[in-house]
Structure formats: C-alpha cells, structure tokens
Amino acid sequence: MYTRFGDNDIVTRQAQELVTSTWTNNVNNLNVAFTSSTQAIFTTSTSSGQQYIDIYNSHPVTDSAAEIQYSIAYGHKAGSGSPDFTNDTGSFGLGASRVTYNQYRQLHFNDDTKNFIFGTHTPDDIYVINVNRSRYKQRLTLGSLNLHLSGSSVGVSNQSIIHLTEDSLTNTNGTGTSNLGTYYNIVSGSTGEILTGTTATTQLGGTGSYGHFYPEAGLIILNGGAFAGALTPKRNTGGPTANVDQNHVTLFQHISNSNGAGTGHFIVDTTEEINSQFYFTRVRNDQYNYTNNESFVDNNKNIRFETMKLNPKVFITTVGLYNDKFELMGIAKLSQPVAKDFTKEALIRVKLDY
C-alpha cells in the first residue's frame with residue numbers, strides 16, 4: 001500500500017547557513033600545529049617537500065589520528081627560491097617554485113602569462129595556504145579569518161606580530177572574480193575589518209594588499225613582497241643552482257610561533273547552506289493496520305491469528321519515500337515504534353536535509 005503526498009504535505013524551508021570551525025574536532029583556533037618528517041623531505045629537487053608541506057593538528061608520527069589541516073607552498077614566477085629539477089646551471093629556473101606559481105595563476109586566470117597583482121603591486125613571488133578540502137564545507141566563512149604571523153611587514157610599521165584578515169565587511173562585493181570564484185583582499189586587521197586608518201590600497205605604502213582570500217576554493221595567496229625582515233622570501237642570487245632556504249617552511253614557522261612559545265593564531269570558519277524539506281506523513285485510522293511480516297501472515301498471505309483479523313495491532317518503525325516509479329529513494333527511521341490499529345491515527349514528520 002502506498003500513499004501519495006498531497007500538495008500541502010511537503011514543505012520546503014529556505015536555506016539556512018551552518019557555520020562551524022574549519023579545524024578538526026571543531027577547534028576554533030589552530031594554535032598548535034605540526035609538519036610531517038616523512039612528507040616534508042627536501043633531499044632532491046623533486047622531493048614532495050620542495051612543492052609543499054602539509055600541516056597537521058597533532059604530531060603525525062606519534063598520533064595515528066592526526067589529520068591534515070592545510071598545506072603551504074611557495075611560488076616564484078622565474079623559479080627562484082627552489083633548486084632546479086635538473087640541478088644544472090642553465091635550466092632557467094625550472095623548479096618547484098616556478099611550477100607552483102604557474103599552477104596557481106592558471107587556477108586564478110586560466111592563463112600562464114598573467115601575473116598576480118595585489119592592488120598596484122606585482123610581486124615576483126607568492127605564498128599559498130591551501131586549506132585541506134575535507135576541512136571546509138561549501139566555502140570558508142567571510143569575516144572569520146584571523147591569521148597572525150610573527151615578524152614585520154613592508155606596510156604597517158612597528159609590528160612584531162602581523163594581524164591578517166580579509167576585507168569582506170567593507171568590500172562586500174569582493175575585489176574581483178576568478179576561476180576560483182570571488183576573492184577578497186588580505187589586509188591588516190581582524191575578523192573582516194581593516195586596521196583603522198588604512199585601506200586595502202594603502203596597506204603597503206599605497207601599493208596594495210597582503211594578498212587574496214578565495215573563500216569558495218579554501219585558498220589564501222599572500223603577496224611575497226609584503227613582508228620584511230626574517231619573513232622576506234629567500235631568492236636565488238647566484239643563479240638557478242644557488243642554495244636557498246625553504247620559504248614555505250619559513251612561513252609555517254612564522255605562523256606557528258606568532259604568539260611565542262611555539263603557539264600560533266589561525267582562525268577561519270567554514271559555511272554550509274542547509275536546505276530542508278518536510279514530508280508530513282499522515283496515517284489515517286483505516287490505513288497501515290496490517291503487515292506482511294511472517295509472524296503476522298503465513299506463506300499464502302493469510303492472517304495467522306483470528307483475533308488479529310478484526311482487531312489488528314501493529315507498530316510503525318520506518319517511513320519509506322518513493323518516486324513515481326515506486327523506487328525507494330529514502331528511509332526515515334523512527335526513534336521508537338508507533339502503535340497502530342483501527343482506533344489510532346498518526347502524523348509523522350520526516351525532515352530531509354541536503
């Protein structure tokens with residue numbers, strides 16, 4: 001027996017936003033993080049660590065439950081800042097940093113000839129913080145970013161800790177659109193508000209911002225020319241094979257020690273839009289009083305017990321949702337059985353979130 005839902009039996013509720021923390025176990029601030037010695041290997045120019053490093057919420061060697069939270073990479077449009085793949089002079093900077101820069105400008109522009117511009121400043125290099133896809137839902141939440149870096153910037157003076165956020169509260173339409181979706185400026189400030197007395201275009205002495213924030217892609221691209229002192233990217237000065245520091249490791253160190261004593265400050269939330277439909281399953285007194293359960297009927301579908309013919313007693317435990325082809329599309333389990341006979345009616349509300 002099937003009962004078709006009427007027009008008033010299905011109610012759709014307007015989508016609601018569910019905001020949670022991005023990090024594992026709903027941790028709000030990822031103030032302690034770890035790299036993996038098995039992943040961050042730099043022995044050769046093609047080692048995975050030259051491309052990027054993964055950042056975990058706990059030590060991946062001693063804690064089997066450790067999960068990747070985000071990854072960091074460094075890109076340079078000419079290939080500086082990483083050894084060449086061939087380890088040979090004259091290979092024109094064909095190394096991990098150049099591949100990384102090309103990869104992300106393809107993702108942003110879908111063009112490998114255009115360069116990243118932050119305001120009016122076109123740096124040679126970028127830092128990339130890529131939030132692990134399993135950590136965020138539909139997008140990162142606007143106005144939630146609070147990232148601290150130890151060190152100083154080219155812009156705001158007298159800083160020992162750089163406080164970074166995105167400018168979504170004042171720049172509601174975003175800075176622009178790309179293949180990665182709408183993006184916003186990374187600026188000095190907190191929780192989506194720019195530092196008082198500055199704008200996105202005056203962050204670095206009137207030349208631009210600290211980078212771009214891509215909420216739909218879970219991505220932060222930082223302007224390599226925005227930082228000073230120990231955070232300044234190390235670039236090759238003696239040709240493509242010159243020995244250079246690992247810039248993405250340096251960035252992680254400045255994130256993880258931004259509050260001193262090996263603790264950092266990295267907050268960003270994730271947003272998911274939840275759509276809900278309610279199916280009001282109305283069971284009249286003369287419906288669903290019998291069952292095909294073997295304890296109720298025999299092999300010939302005859303009721304086993306005479307007392308059950310005129311006064312059946314059954315229990316509803318499950319509601320099945322079918323399409324017009326009578327194909328089962330979903331099952332709703334009741335928290336406890338509902339008694340049913342000719343003297344009882346039931347109204348069961350089924351909620352479907354998607």
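The values are calculated or read from the model by the stated rules, or taken from the named source; none is laboratory data. Predicted model, so just to flag it, every value in this text is computed and none were measured. Don't worry about glycine lacking a Cβ; one is built from the backbone with ideal geometry, like all the others, and counts go over all protein chains shown. We work out accessible area using only protein heavy atoms, side chains counted, and drop any ligands, DNA or RNA first. Shrake-Rupley method; radii C 1.70, N 1.55, O 1.52, S 1.80 Å.
Computed quantities for the displayed model
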item: Exposure of Thr46 as accessible area (Å², to 10), given a probe of 1.4 Å and all protein chains; result: 90
item: Rounded to the nearest 20 debye, dipole of the chain from Cβ charges on Lys, Arg, Asp, Glu; result: 780
item: Given Lys137/Lys234; Lys309/Lys351; Lys313/Lys333, the pairs whose alpha carbons are separated by over 26 Å; result: Lys137/Lys234; Lys309/Lys351
item: With DNA, RNA and ligands ignored, accessible area of Thr196 (1.4 Å probe; Å², nearest 10); result: 130
item: Carbon/sulfur fraction of accessible area - the chain, other protein chains in place, 1.4 Å, %; result: 49
item: Packing-based order for 276-282, 326-332, using average beta carbon neighbours within 10 Å, highest first; result: 276-282, 326-332
item: For Ile303, solvent-accessible area (1.4 Å; no DNA, RNA or ligand), Å²; result: 40
item: Segment 116-198 shape via C-alpha gyration tensor axes, a/c threshold 1.5; result: rounded
item: The chain: angle of helix 247-256 to the longest principal axis, Cα-based, in degrees nearest 10; result: 60
item: Structure-based [θ]222 nm, the chain - -39500 (n - 2.57) summed over DSSP H runs of at least 4, per residue, nearest 500; result: -2500 deg cm²/dmol
item: Cβ-based charge dipole, segment 121-194, positive-most Cα from Ile186, Ile161, Gly143; result: Gly143
item: Amide H within-cut-off set for Gln69, under 5 Å, with H built and near neighbours excluded; result: Ile55, Tyr56, Asn57
item: Residue order for Lys313, Lys340, Lys234 - accessible surface, 1.4 angstrom probe, largest first; result: Lys313, Lys234, Lys340
item: 0 to 90° range, to nearest 10: angle between helix 96-109 axis and the chain longest Cα axis; result: 60
item: Solvent-accessible area per residue for the chain (1.4 angstrom probe, square angstrom); result: 52
